[in-house]
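Novice: Mind having a look at this structure? Questions to follow.
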Amino acid sequence: MRTPQSLTLLAKADSLGCVTQFVREGAREANLPESRLGELDLLSEEIFMNIARHSYPAGAPGPVSVSYSVPHPGELAVEFGDQGVEFNPLTAPMPDLTLEISQRPIGGLGVFLLRRFADSLSYRREQGWNRLTFGISSKP
């Protein structure tokens, strides 16, 4: 197992490609099956874009750190960190999926997707940083 890898970039939409490519490197290192890569991309995109849209004041993007580690073969742990507005997505209410789309409030699906596809999920606020970590494994 290699040491954890880390990348820091600005919370801007045009950085998403770098984030996806970086996290996919971790997936290759962990030997995740192709069947999990779409879910990994979706989770990474959802987290990163929410940071880019909501963590920092408009027009003043701040840093986002993305790191990954491979705790065991077939397992990938990914952490996103930002110094923006404190927000614990794990305390956000789950969306009511029984409502018609036109009746649903905007937002909340990202939390649903995180809980649906991540094998583990944790949040902490540490020294001014939001830290959201998820794990994904080779399980189907």
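Novice: Quick one: compute the contact order of the chain, relative version, from alpha carbon pairs under 8 angstrom and 6+ residues apart, as a percent.
Specialist: 27 percent
Novice: By how many nm would the segment from ARG124 to GLN5 lengthen if fully extended, with 0.36 nm per residue of separation less the alpha-carbon distance?
Specialist: Net length gain for the segment: 40.9 nm.
Novice: With helices defined as uninterrupted DSSP H runs, which ones in the chain have an alpha carbon span along their own long axis of at least 20 Å and mean Kyte-Doolittle hydropathy of at least -1.0?
Specialist: 16-30, 34-54
Novice: Could you please rank LEU40, LEU90, placing first whichever residue has the fewest other Cβ atoms within 10 Å of its Cβ?
Specialist: Exposure proxy ranking, most exposed first: LEU90, LEU40.
Novice: A follow-up question, please. Ratio to report: Rg/Rh of the stretch 5-137, with Cα atoms as the point set and Rh obtained by the Kirkwood method; give two decimals. Don't skip to the answer; put the middle values down first.
Specialist: Details: Rg = 14.7 Å, Rh = 15.3 Å.
Here the Rg-to-Rh quotient is 0.96.
Novice: To continue, here is another question. For ALA27, what charge total do you get from the other residues with a beta carbon under 12 Å from its beta carbon, if Lys and Arg give +1 and Asp and Glu give -1? Please list the in-between numbers first.
Specialist: Details: positive: ARG24, ARG28, ARG36; negative: GLU25, GLU29, GLU34, GLU39, ASP41, GLU75.
Computed value for this residue: -3.
Novice: Continuing with the same structure: In Å³ and rounded to a whole number, note down the convex hull volume per residue for the Cα atoms of the stretch 1-41.
Specialist: Per residue, the Cα convex hull of the stretch 1-41 comes to 68 Å³.
Bear in mind that the values in this text are calculations on the coordinates, not laboratory data. Since the model is a prediction, treat every value here as computed from it, not as a measurement. Virtual Cβ from ideal backbone geometry, glycine too; neighbours counted across all protein chains shown.
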